[in-house]
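Visitor: Structure incoming, see below.
The values are calculated or read from the model by the stated rules, or taken from the named source; none is laboratory data. Owing to the predicted nature of the structure, the values given are computational and were not obtained by experimental measurement. When we count neighbours, we look across all protein chains shown, and the Cβ atoms used for this are built from the backbone with ideal geometry, even at glycine.
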Amino acid sequence: MVTLDRPKEMNALCQQMQVELIDCFDLMEQDESIRAVVLTGGEYVFSAGIDLKELSDLSGSTLDDYIKSMIKYLQKIYAFRKPVVAAVSGIALGGGFNLATVCDLIIASETAIFGHPELKFGLNPLFDSLRRIVGTAKAKELTMLGEPIGAKEALRIGLVNKVLPPESFMEGAKSVARELASRPAKAIEAVKRLSDIVPRLDKNTALEYEFEITALLFSRSERRDFMEKFLEELRLRKEKSRS
């Protein structure tokens, strides 16, 4: 589990934290024992967004470097080979909202609040990662109006995958991560790649591409072991239902 840890600043994403996130995900990508990751801000707040105090002091080349750093850490998480589950409690605003949307799944506490207030102080929200989840019309509404939404509305529009009580949302996120970690790693990686590439293709090319990936996965030697395990689980479930 990766935890943002600037509680006094409501986990505002300063440049040092961005660099640390890149380094952390680099290490986890190289560690084959890590099969899934939970990214959280803790029990009370996910992230208030980019550190505005730090940002207001930047100009010229330092601002360019800062923007490059922001791009790099979001790309690192978005392109991470293993599944990343965001566990969101409290506010996820601006850059914190962005951080949640580049994860694969979002498990939210009932206390979660998502919002893009950037236009209110003259900056543009990150649009594409949100559009990919909720569609263009709803992404325009959230980014242009800048009004925050709660966990139930986030679930209704498909922004989050599950909403749980504050006392159980973290364990819920860990449970989802454990379930993902139990799946064949190469197949999970393939689904991540497909979810990024397939929406950009016409339907015939998409079908061909998906079956190319299927053929590659089918040729892997451990495929038979996983299939036999799955069939055995089905057999046991059927026997249990009869008893």
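Visitor: With the requirement that a residue be hydrophobic (A, V, I, L, M, F, W, C) and either within 18 Å of PRO125 (Cβ to Cβ) or touching a Cys at 6+ places or on another chain (Cβ under 8 Å) (or both), what does the range 41-56 give you?
Guide: Residues satisfying the conditions are PHE46, ALA48, ILE50, LEU52, LEU55.
Visitor: While we're on this one: Residue under question is SER47, and the condition is that it be touching a residue at least 40 places away in the same chain (Cβ under 8 Å), in the same structural domain as LYS8 (by TED's automatic domain parsing) and closer than 14 Å to VAL160 by Cβ; does it hold?
Guide: no
Visitor: Among (1) at pLDDT 95 or above; (2) under 19 Å from TYR78 (Cβ atoms), there is one condition ARG132 misses while meeting the rest; what is its number?
Guide: (1)
Visitor: Just to be sure I understand, how many residues within the range 152-183 are closer than 16 Å to LEU93 by Cα and touching a residue at least 60 places away in the same chain (Cβ under 8 Å)?
Guide: 1
Visitor: Name the single residue that is surrounded by the fewest Cβ atoms within 10 Å (Cβ to Cβ) among those in the range 117-133 being within 24 Å of PHE80 (Cα to Cα) and either among the acidic types (Asp, Glu) or touching a residue at least 12 places away in the same chain (Cβ under 8 Å) (or both). Can you show your working first?
Guide: Going residue by residue through the range 117-133, those that are within 24 Å of PHE80 (Cα to Cα) are 125-133.
Narrowing the set further to residues that are either among the acidic types (Asp, Glu) or touching a residue at least 12 places away in the same chain (Cβ under 8 Å) (or both) leaves 125-130, 132-133.
Working: PRO125: 19, LEU126: 21, PHE127: 16, ASP128: 8, SER129: 17, LEU130: 24, ARG132: 16, ILE133: 16.
Result: ASP128.
Visitor: On to the next question. Within the bounds of the range 29-37, is there any residue that is closer than 20 Å to ALA100 by Cα, touching a residue at least 12 places away in the same chain (Cβ under 8 Å), buried (at least 21 other Cβ atoms within 10 Å of the Cβ) and of a type in the set (Val, Ile, Thr)?
Guide: yes
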